Amino acid sequence: MTLAGTAITPVAVSMRMKSLDSSITRPSITPGARWSSSARRGAGRPAAPEARPGPPLVSSRIGGEEPPASSPFGPDAGARFKRGRLVHRLLEGLPGLPPGDRAAAARAYLARPVHGLDSEAVKEISATALGILDDPRLGSLFGPGSRAEVAIVGRVSGVDVSARVDRLVVTEAEVSVIDYKTGPPPDEPPPPYLRQMAAYRALLSGVYGDRPVTCFLLWTDGPELMALSGDLLDAHAP
């Protein structure tokens with residue numbers, strides 16, 4: 001699948017499941033200097049180093065300035081920000097466990113002293129994550145063949161992009177990419193999110209050119225799954 005007017009050069013797609021306590025390593029670019037043929041013929045001076053490529057756009061900046069989000073310094077002392085981060089973490093780790101083990105694992109993780117949650121918060125946050133995973137409408141997004149925190153790197157319209165998608169599902173028929181958003185779902189998806197997802201679609205279409213790529217926003221406060229049409233993403237393509 002290709003996007004009209006969009007140049008796509010896939011570089012790498014890395015799929016790996018992370019444990020609840022693993023760290024993230026980010027790719028780096030190290031440009032090297034070279035000697036020109038004239039230098040080898042006796043000019044005696046090294047050629048100027050090759051142009052240093054600009055830093056790749058990471059996922060948080062792909063779409064431009066994001067809409068206002070819950071801040072850890074807000075009047076609620078960061079409670080909503082913390083809640084969104086923890087729900088995100090559970091959605092990353094729990095699908096890899098047998099369904100019967102997920103509730104206990106969620107409560108044990110949230111009850112760790114480092115999170116500073118009372119019993120009611122532990123109950124509410126775990127119920128939110130488990131409710132999303134148990135929702136029959138969302139089952140295929142977290143089932144076999146799905147992966148969490150998938151790193152994708154490539155070039156879209158001449159710009160290097162490095163991103164990490166929240167959930168990726170690859171089947172023989174299609175590819176689905178899901179990005180989690182904290183907060184109540186809006187009536188319409190904000191343009192920065194549409195540009196972000198359009199860039200994801202462009203990168204993945206370059207890798208899985210024989211399959212359609214469908215993009216979703218999952219608003220954890222609903223929860224509500226928002227499917228983004230191809231026409232809508234075409235209008236925000238990079």
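The values are calculated or read from the model by the stated rules, or taken from the named source; none is laboratory data. Predicted model only: the values in this text are computed from it and were never measured. Note: ideal-geometry Cβ built from the backbone for every residue, glycine included; neighbour counts use all protein chains shown.
Structure above, values below:
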quantity: Residue in region 95-113 that is basic (Lys, Arg), over 20 Å from Phe216 (Cβ atoms), surrounded by 17 or more Cβ atoms within 10 Å (Cβ to Cβ) and under 17 Å from the mean Cα position of the chain (by Cα) present; calculated: no
quantity: Which listed residue, of Leu203, Leu225, Leu194, is crowded, with 22+ Cβ neighbours inside 10 Å and either of a type in the set (Lys, Arg) or closer than 17 Å to Arg167 by Cα (or both); calculated: Leu203
quantity: Test result for Val170, modelled with pLDDT under 90, over 18 Å from Thr220 (Cβ atoms) and either among the β-branched types (Val, Ile, Thr) or touching a Gly at 6+ places or on another chain (Cβ under 9 Å) (or both); calculated: no
